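Notes for the one structure printed next.
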Amino acid sequence: MTDETTTTTGGPRTYPALIPLVPLREAVVFPKLVVPLGVGREKSVAAINAAMLEEKHFVVLAAQKDAEVDDVSAEQIYGIGTVAEIVRLLRIPDGSAQIIVQGLDRVRITGYDPESRFFKVSVEPLSDVDGDAVEAEALLRGAKSLFSSYVDNGGSILPEIAMTAKNTDDTSHFADLVASSPDLTLEQRQQLLETRSVVERLRIISVFLAKQNEILELKQKIQSEVQQTLDKTQREYILREQMKAIQRELGDDDGTSEVGELREKIEAAGMPDEVKEKALKEVGRLEKIPQASPEQGVIRAYVDWMISLPWKKAVDDDWDIAAAARILDEDHYGLPKVKDRILEYMAVRKLAKDLRAPILCFVGPPGVGKTSLGKSIARAMGRKFVRMSLGGIRDEAEIRGHRRTYVGALPGRVLQNMKTAGEINPVFMLDEIDKVGADFRGDPSSALLEVLDPEQNNTFSDHYLEVPYDLSKVIFITTANIEDTIIAPLRDRMEIIRLPGYTEDEKMHIAEGYLLPRQLKQHGLSPETCLIPQETLLQLIREYTREAGVRNLEREIGSICRKVARAVAEGKAQSVCVTGKELATYLGPQKFDYGLAEEEDQIGAVTGVSVSEAGGDVLTVEATVIDGKDQDFLLTGQLGKVMEESARAALSYVRAHHAELGVPKGFFEDHAMHIHVPAGAIPKDGPSAGVTMATAITSALTGRRVRRDVAMTGEITLRGRVLPIGGLKEKLLAAHRAGIKTFVFPEKNRRDLVDVPKEILDSVETIPVSEIDEVFKIALLLGPNVTPAQIEAARPSVAPPAH
């Protein structure tokens, strides 16, 4: 309904040009209503004082938009308010005042006096807009009926206002009376104040009253149900207390009750004094609460957890170091660093009884035996072994538990596993710590900081128990594929032991001594029934697996054993000897080519090496020259930002030294380079392919072939320096698996060769370099049309460093 289609009634009053204004917090005053207000702010008190000096004590009352703002500005005050007259003023000794005002008219604030130290405004009175009389009467009757139900249901409104609203026939006044209800929000009341149409105000009021009636009726229903439940619970409590009194009189209470058993178990659990006091206090609560109470089950579950945890029971350590070394060797081949670290701990612990348990972190690719090594350590030390997988955990409560206020709350998985161990000094493995996630439920990695900190874990606090628990005697072992994703504070608390992967010789020993016997036993076979010679195992390792660990190798051996077991079970053979020629029959065509990464010396194709969480691997970097000058160079193969920058640095070096390399002047003005690193579906990043890309670019530009038996790694600078890289051992192992004969690496990585097995160094020629020119001399042959004799003559003979 618009102003053009309605008529206005009632002439507006006239007011002074400027009237003092008082901003209100969370309040709206309507015309004709008498309202008490407290005034405390300095500007507001000054406005009241100014109004009282006038003949008519007029004041404008307008709500402020944000009640939290103390020093309010004009922009923070609503533009529609009410002119009111101060009926009574009571001054308070602290400088504030209490006033009673009567609303007069709705007004629009048209301007503020910038000279006044308090708010003085000019206003424009707003008359009510009457709508259709019949519609207004209908809305008034419906609203009065809803209002009557609202009052009867206990609506929040003063009795005198309720009586006035029931007796008035003034539609505008009725709407304003109902609008003073505290159940309306400030925004709703302000909307009603700003609505000039009486019919529209009645519609808004009707919707509000209908909604409030529904809420009040539902509230009464809920209160009634709660009261009935309380009456029933109270009655049951009184009857149970009477029953307990009768049992005591009859002598039936002989101390063997459930509560008495719980107290005995608490005394026998060996809890620290403060923990025992807490447990006994909970048992006391349990005794007083009726069995029908939901709290009964919560307290009983809590006490049961307190009793079931190990508080003092520990395995007596058997520090037989020679026996421990024998057990470690029985279970795992190689891994000298890990075994030495465990034996060192046992030796020192034998001499110093109060040595803190180590917190170890095994980092290595999948299948190298990280998890099984934890079991072996527990067996060598004679302790229980528990394992907790952290892969995919995103909720902090998985570590610390939920508070007892939640339904179905439990302790965290740390204490659950301690309960499973039944001892306070097990070997506790936290598997896949590098795969812990974080989201809105918390960060489990941060919760693990307390678990894995020797300074704090003697008073580990679980949200469920809410008492300190001692984890200091636990030997924690964590495992990870890569350490970069472990947060720095957590990584700092652990002793990192890297397991880079196995050599071909180590895989042979593991297959013969561990994997083959285990698979034969699992498939019901004997060494006489199923014979796999060394030559077959070697072929199996080379042609059917390419991994840092031995997981796939064991899987392939298991496949052979299953087919042999079927042949024996069907009576087709008494015993089977699997030869290398028969491998394809058992496992299908060979999956990998053993030998060089490239079958022939090529132009623009260089063998590089990389490291991932699966271990080391070889890759080929390809470069080719493109006619045209749309851009300097193209990069493909899902290369990351760092690798892209390495390619730019390599190209810049080659362009800066084009004369030395034999590239014609001006060649780059109408040619571009395209660098590709297969496989294109695998993301790659890192700076260590810098020398590889520089060599590929130089080969493509000069037409000189690259030796297929050379692999290289190293970061390149614009000056041609070769900088050190990481993961040298993993890269050398990958190069050896691929049949590489010469391995070029940065001079500053020479010290890392001490970690490389001797058999690798004996079979791969390792050449440290400090300048990219040295790499070119080693990897690049004379030219595109050289003879085989010239190629062999061009191969440099560089003795490997002493090792």
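The values are calculated or read from the model by the stated rules, or taken from the named source; none is laboratory data. None of these values were measured; they are calculated from a predicted model. Here the Cβ positions follow ideal geometry from the backbone for every residue, glycine too, while neighbour counts run over all protein chains shown. When the accessible area is computed, the model is the full protein with side chains, heavy atoms only, and any ligands, DNA or RNA have been set aside. Shrake-Rupley method; radii C 1.70, N 1.55, O 1.52, S 1.80 Å.
Distances longer than 13 Å among the Cα atoms of the stretch 533-575: what percent of all pairs is that?
Working: 535 of 903 pairs.
Value for the stretch 533-575 (Cα pairs over 13 Å): 59 percent.
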> Given the Cα atoms of the stretch 676-773, and with Rh set as the inverse mean 1/r over their pairs in the Kirkwood sense, what is Rg to Rh to two decimals?
Replying inline: 0.96
>> Rounded to the nearest 20 debye, what is the charge dipole size of the stretch 452-530 about its Cα centre when +1 sits on each Lys and Arg Cβ and -1 on each Asp and Glu Cβ?
In response: 280 debye
> Which ³J(HN,Hα) values, rounded to whole Hz and listed in residue order, are derived for the stretch 385-392 from phi using the Karplus coefficients 6.51, -1.76 and 1.60 in 6.51 cos²θ - 1.76 cosθ + 1.60 with θ = phi - 60°, glycine and proline given as x?
Replying inline: 10, 10, 10, 10, 8, 9, x, x
>> What number do you get for the stretch 257-351 when its Cα radius of gyration is normalised by 2.2 N^0.38 Å, N = residues?
In response: 1.78
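Ranked by accessible surface with a 1.4 Å probe, highest first, in what order do MET693, MET52 come?
On the way: MET693 0, MET52 55 Å².
Result, largest first: MET52, MET693.
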>> How long are the semi-axes of the equivalent ellipsoid of the stretch 156-239, taking √(5λ) for every eigenvalue λ of the Cα gyration tensor, in whole Å from largest down?
In response: 38, 13, 10
> To the nearest 0.05, what FRET efficiency results for ASP304 and LYS572 with a Förster distance of 51 Å applied to their C-beta separation?
Replying inline: 0.30
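Take every Cα pair under 8 Å in the chain that's 6+ residues apart, average their separations, divide by the length, and report that relative contact order as a whole percent. Please list the in-between numbers first.
On the way: 1416 pairs, mean separation 57.7, N = 803.
Computed over the chain, the figure is 7 percent.
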> For the chain, what is the mean residue ellipticity at 222 nm derived from helices alone (per DSSP H run of n ≥ 4: -39500 (n - 2.57); sum divided by total residues; nearest 500 deg cm²/dmol)?
Replying inline: -12500 deg cm²/dmol
> Say the dipole of the stretch 448-588 comes from +1 at the beta carbon of Lys and Arg and -1 at that of Asp and Glu; which of ASN552, GLN574, VAL451 then lies farthest toward its positive end?
Replying inline: GLN574
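How large, in percent, is the carbon and sulfur part of the accessible surface of the stretch 276-321 at a probe radius of 1.4 Å?
Solvent-exposed carbon and sulfur of the stretch 276-321 make up 49 percent of the total.
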> How big is the stretch 307-389 in terms of Cα radius of gyration and Dmax, in angstroms?
Replying inline: 13.6, 43
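What part of the accessible area of the stretch 412-507, given as a whole %, is carbon or sulfur when the probe is 1.4 angstrom? Please list the in-between numbers first.
Numbers: 1550 of 3370 Å².
Carbon plus sulfur share of accessible area: 46 percent.
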>> Given points 7 Å out from each Cα along the Cα-Cβ axis, report the GLN223 to SER446 separation in nanometres with one decimal.
In response: 4.3 nm
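Restricting to Cα atoms and excluding each atom paired with itself, what does the Kirkwood estimate give for the stretch 362-466 in Å?
Details: mean 1/r = 0.0679 Å⁻¹.
Taking every pair of different Cα atoms in the stretch 362-466, averaging 1/r and inverting gives 14.7 Å.
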>> Restricting to Cα atoms and excluding each atom paired with itself, what does the Kirkwood estimate give for the stretch 69-152 in Å?
In response: 16.9 Å
> For labels at GLU75 and LYS419 in the simple 7 Å Cα→Cβ model, what's the distance in nm?
Replying inline: 5.9 nm
> Which loop-located trypsin sites (Lys or Arg not before Pro) does the stretch 645-687 contain, where loop means any DSSP state but H, G, I, E or B and the Cβ has at most 12 other Cβ atoms within 10 Å?
Replying inline: LYS665
> Each label point is 7 Å from the Cα along the Cα-to-Cβ direction; what then is the distance between the points at THR636 and ASP340, in nm?
Replying inline: 4.9 nm
>> Taking θ = phi - 60°, what integer Hz values does the Karplus form 6.51 cos²θ - 1.76 cosθ + 1.60 yield along the stretch 42-58, in sequence order, with x for Gly and Pro?
In response: 4, 4, 5, 5, 5, 5, 5, 4, 5, 5, 6, 7, 8, 5, 9, 7, 7
>> Checking the cross-link filter: which aspartates and glutamates have an alpha carbon closer than 14 Å to that of LYS419, excluding same-chain neighbours under 8 positions apart?
In response: ASP304, ASP462, ASP470
> Going by alpha carbons, how many degrees (0 to 90, nearest 10) lie between the helix axis of 534-544 and the longest principal axis of the chain?
Replying inline: 40 degrees
> Placing +1 at every Lys and Arg Cβ and -1 at every Asp and Glu Cβ, with all other atoms neutral, what dipole size does the chain have around its Cα centre, in debye to the nearest 20?
Replying inline: 1660 debye
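For the stretch 649-748, please report how many Lys pairs fall under 16 Å Cα to Cα, leaving out neighbours fewer than 8 apart on the same chain.
Working: LYS684/LYS731; LYS729/LYS741; LYS729/LYS748; LYS731/LYS741; LYS731/LYS748.
Qualifying lysine pairs in the stretch 649-748: 5.
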> For the stretch 1-127, which semi-axes, largest first and in whole Å, follow from the square roots of 5 times the eigenvalues of its Cα gyration tensor?
Replying inline: 25, 16, 14
> So how many Lys-Lys pairs in the stretch 197-247 land under 26 Å Cα to Cα, not counting same-chain pairs under 8 apart?
Replying inline: 5
> So what does ASP331 come to for accessible area, using a 1.4 Å probe and Å² rounded to 10?
Replying inline: 50 Å²
> How big, in percent, is the set of alpha carbon pairs in the stretch 139-286 lying more than 28 Å apart?
Replying inline: 53 percent
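Would you work out the relative contact order for the stretch 286-417, in percent, from Cα pairs under 8 angstrom that are 6 or more residues apart? Intermediate results must be reported in sequence, preceding the final value.
Numbers: 78 pairs, mean separation 28.2, N = 132.
Normalised by residue count, the contact order of the stretch 286-417 is 21 percent.
So which GluC sites (Glu not before Pro) in the stretch 39-117 pass both tests, a DSSP loop state and at most 14 other Cβ atoms within 10 Å of the Cβ? Can you show the working numbers first?
Numbers: sites: GLU42, GLU54, GLU55, GLU68, GLU75, GLU85, GLU115; in loops: GLU54, GLU55, GLU68, GLU115.
For GluC sites (Glu not before Pro) across the stretch 39-117 that sit outside H, G, I, E and B with at most 14 neighbouring Cβ atoms in 10 Å, the list reads GLU54, GLU55, GLU68, GLU115.
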> Given just the C-alpha atoms of the chain, how large is their convex hull per residue in cubic angstrom?
Replying inline: 371 Å³
> Which entries of LYS278/LYS384; LYS313/LYS350; LYS353/LYS384 show an alpha-carbon separation above 27 angstrom in the structure shown?
Replying inline: LYS278/LYS384
> So what J values fall out for the stretch 565-574 if you push phi through Karplus, 6.51 cos²θ - 1.76 cosθ + 1.60 with θ = phi - 60°, rounded to Hz, Gly and Pro as x?
Replying inline: 4, 5, 4, 5, 5, 7, x, 6, 7, 8
> Taking a label point 7 Å from the Cα of GLU187 along the Cα→Cβ vector, which residues of the stretch 77-112 have an amide N closer than 18 Å to it?
Replying inline: 77-80
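Taking all protein chains in place and a 1.4 Å probe, what share, in percent, of the accessible surface of the stretch 20-70 do carbon and sulfur account for? Numbers along the way, then the final one.
Numbers: 1200 of 2390 Å².
Carbon-and-sulfur percentage of accessible area, whole number: 50.
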> Which trypsin sites (Lys or Arg not before Pro) does the stretch 521-588 hold that lie in a coil by DSSP with at most 16 other beta carbons within 10 Å?
Replying inline: LYS572
>> Could you report the chain's accessible area per residue, 1.4 Å probe, as an integer in Å²?
In response: 50 Å²
